[in-house]
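One structure below.
The values are calculated or read from the model by the stated rules, or taken from the named source; none is laboratory data. Every value quoted in this text rests on a predicted model; they were computed, and no experiment measured them. All Cβ positions, even for glycine, are placed from backbone atoms using ideal geometry, and neighbour counts span all protein chains on display. Heavy atoms of the whole protein, side chains included, go into the accessibility calculation; ligands, DNA and RNA do not. Shrake-Rupley method; radii C 1.70, N 1.55, O 1.52, S 1.80 Å.
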Amino acid sequence: MSTQAEDIKQLTAGLEPVAALAKLAERFAGEITFSTSFGWEDQVITHMIFTNNLPIKIFTLETGRIFPETYYVWNRTMEMYGKPINAYYPKNEPLEKMLNEKGPSSFYESVENRKECCGIRKVEPLNRALAGNKCWITGIRAEQSVNRHDMHNVEWDEQHNLVKFHPIFSWTLTEVKEYVRKYNVPYNTLHDKGFPSIGCQPCTRAIREGEDFRAGRWWWEDQSKKECGLHELIIDNK
């Protein structure tokens, strides 16, 4: 772990999520941001940030392929808290080139095509969203996938040259749901229909009983790795 990440780990050790977020907002004043896709976990953290008036920017990646239910909870969240959520869209030129050459569903044809689509719709906009920040807050939890068990609640993201902090990393799904109920947090109703992980509509399905948390993402691919490129480039995180 980098020296800066180790410092943050010590700074937040033993703190509840809100207290930890407050410390980080002070430490990285004006240079801290939270990414939301409006899932359970992200809604919990959004509630923490907005209700405590923490000076942490919130953004989302508008890929152009998200569910109607996601748009609804996005709008409901802004209505409820009365605070902004910044949207980052894919750049027109590469998106139009991909669609013109390969059509709207090329991601089903190969892993390379799917990663190209994720790169245009998610990874490049993410790079713009994170530019100028020194701390990135996420809703990652350890139990979400096998890959994420190997992560830590504080990490150094070498690609973006910043610290990543996952405030509810150790929470169980039960704890997340209990928090949502307790504080009447708006949430995506797809969660009630077997969608624990919600991304772009063409690439997400409900999971079946006994399946892994992220089995519904890119279900036509190898089940051993379920990341789109946003969180897989973690370096020096031991």
Test: residue in the stretch 102-109 that is touching a Cys at 6+ places or on another chain (Cβ under 8 Å), under 22 Å from Ser197 (Cβ atoms) and aromatic (Phe, Trp, Tyr): yes
Which residue, of Leu54, Leu95, is farther than 21 Å from Glu124 by Cβ, free of Cβ contacts under 8 Å to residues at least 40 places away in the same chain, surrounded by 15 or more Cβ atoms within 10 Å (Cβ to Cβ) and of a type outside the set (Ser, Thr, Tyr)? Leu54
Quick check on my filter: what residues within the stretch 173-197 are at pLDDT below 95 and among the polar types (S, T, N, Q)? Ser197
Every residue in the stretch 98-109 that is surrounded by 11 or more Cβ atoms within 10 Å (Cβ to Cβ) and part of a helix (DSSP H, G or I), please. Met98, Leu99, Lys102, Ser106, Phe107, Tyr108
Starting from residues that are aromatic (Phe, Trp, Tyr) and in a strand (DSSP E or B), keep the ones in the stretch 57-90 and report whichever is surrounded by the fewest Cβ atoms within 10 Å (Cβ to Cβ). Tyr88
Can you tell me which residues in the stretch 110-122 are under 16 Å from Trp218 (Cα atoms) and assigned to a helix (DSSP H, G or I)? Val111, Glu112, Asn113, Arg114, Lys115, Glu116, Cys117, Cys118, Gly119, Arg121, Lys122
Pairs where the first residue, in the stretch 3-14, is closer than 13 Å to Phe28 by Cβ and the second is open to solvent by less than 70 Å² (accessible area, probe 1.4 Å) and part of a helix (DSSP H, G or I), C-beta under 6 Å, 6+ apart: Thr12/Ala20
Within the stretch 162-193, considering residues that are of a type in the set (Phe, Trp, Tyr), under 22 Å from Thr33 (Cβ atoms) and in a loop (DSSP other than H, G, I, E, B), the one most open to solvent (accessible area, probe 1.4 Å): Tyr187
Within the stretch 30-51, work out how many residues are part of a loop (DSSP other than H, G, I, E, B), buried (at least 17 other Cβ atoms within 10 Å of the Cβ) and not small (Gly, Ala, Ser). 2
